[in-house]
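Have a look at the structure below, then the notes.
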């Protein structure tokens, strides 16, 4: 599981840093480039905005990095570092939180590269995948784990494989739904990936047969007939990196601070 999440993490690091880097080398430091709920609303307990809290988190990641390139760049050029340097220390949590704070139009530009029109849906995916990554990294139980911060379903027909989860509340709250999201993202990032085939093999042949005590893959949220899904059921769609819609911050050359209340 972690190998798939690592590939997604690296791809998102590249896409987010490339996008923001087009605006400003240190775009991550500029609160006006993010939506007000992230950059202006103060946490009454900490006295910080979510953006300030994110910057503090990134500062800790930079400070503890012992990578030679990081030591060299800090010594040679000082702070703040350009985003194409800082992104190298981001973990999944850092990139998902930064994406969550981007303006809607910019979220949409990035999520469209992964076949998802609504960037808020994509942000929910990243939050859920970060939770999944933490569960796996700590070798915790995954099989019938309840996913509290659930990833949102995309509109019918947008991501074909996810349509099969409609009306299945139990399955939407279980890890298998996230496995299908991972498969979609990997198909976008690397169409030749064999990750899904290897996962299928593992679940069908290596998962213990515990039917006698009522334990099976349905506890993980597996949909009936999933083992027979063909490639047409899980195809991804990725736009070229340069295809940022004309409405994005990059093409507009200005910042719009609108975030509609009903965007969720």
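The values are calculated or read from the model by the stated rules, or taken from the named source; none is laboratory data. It should be emphasised that the depicted structure is a prediction, and the values quoted were computed from it without experimental measurement. We place every Cβ from the backbone using ideal geometry, glycine too, and count neighbours over all the protein chains shown.
Before moving on, here are some points about what is shown:
- Considering (1) on the phi < 0 side of the Ramachandran plot; (2) surrounded by fewer than 18 Cβ atoms within 10 Å (Cβ to Cβ); (3) not in a helix (DSSP H, G or I), the lone condition that residue 135 does not fulfil carries the number (3).
- On inspection, residue 58 fails the criterion of being under 28 Å from residue 186 (Cα atoms), in contact with a strand residue (DSSP E or B) (Cβ under 9 Å, 6 or more places away or on another chain) and at pLDDT 95 or above.
- Evaluation of residue 33 against the conditions (1) loosely packed, with under 15 Cβ neighbours inside 10 Å; (2) within 21 Å of residue 120 (Cα to Cα) shows that the sole unmet condition is (1).
- Flag for residue 26 being modelled with pLDDT of 95 or more, over 22 Å from residue 122 (Cβ atoms), surrounded by fewer than 20 Cβ atoms within 10 Å (Cβ to Cβ) and in contact with a helix residue (DSSP H, G or I) (Cβ under 7 Å, 6 or more places away or on another chain): yes
- Filter result for residue 116 (part of a loop (DSSP other than H, G, I, E, B) and modelled with pLDDT of 95 or more): yes
- Total residues in the stretch 17-31, condition in a loop (DSSP other than H, G, I, E, B) and within 12 Å of residue 95 (Cβ to Cβ): 0
- Of residues in the stretch 44-55 being assigned to a helix (DSSP H, G or I) and either in contact (Cβ under 8 Å) with a residue 24 or more places away in the chain or in contact with a strand residue (DSSP E or B) (Cβ under 8 Å, 6 or more places away or on another chain) (or both), the one nearest to residue 34 (Cα to Cα): 51
- The residues on offer are 145, 141, 183, and the sole one that is part of a loop (DSSP other than H, G, I, E, B) and crowded, with 17+ Cβ neighbours inside 10 Å is 145.
- Subset of the stretch 71-95 (residues that are part of a loop (DSSP other than H, G, I, E, B) and either more than 18 Å from the chain's Cα centre (by Cα) or over 16 Å from residue 17 (Cβ atoms) (or both)): 78, 79, 80, 81, 82
- When residue 33 is tested against (1) more than 24 Å from residue 152 (Cβ to Cβ); (2) without any contact (Cβ under 8 Å) to a residue 12 or more places away in the chain, exactly one condition is not met: (2).
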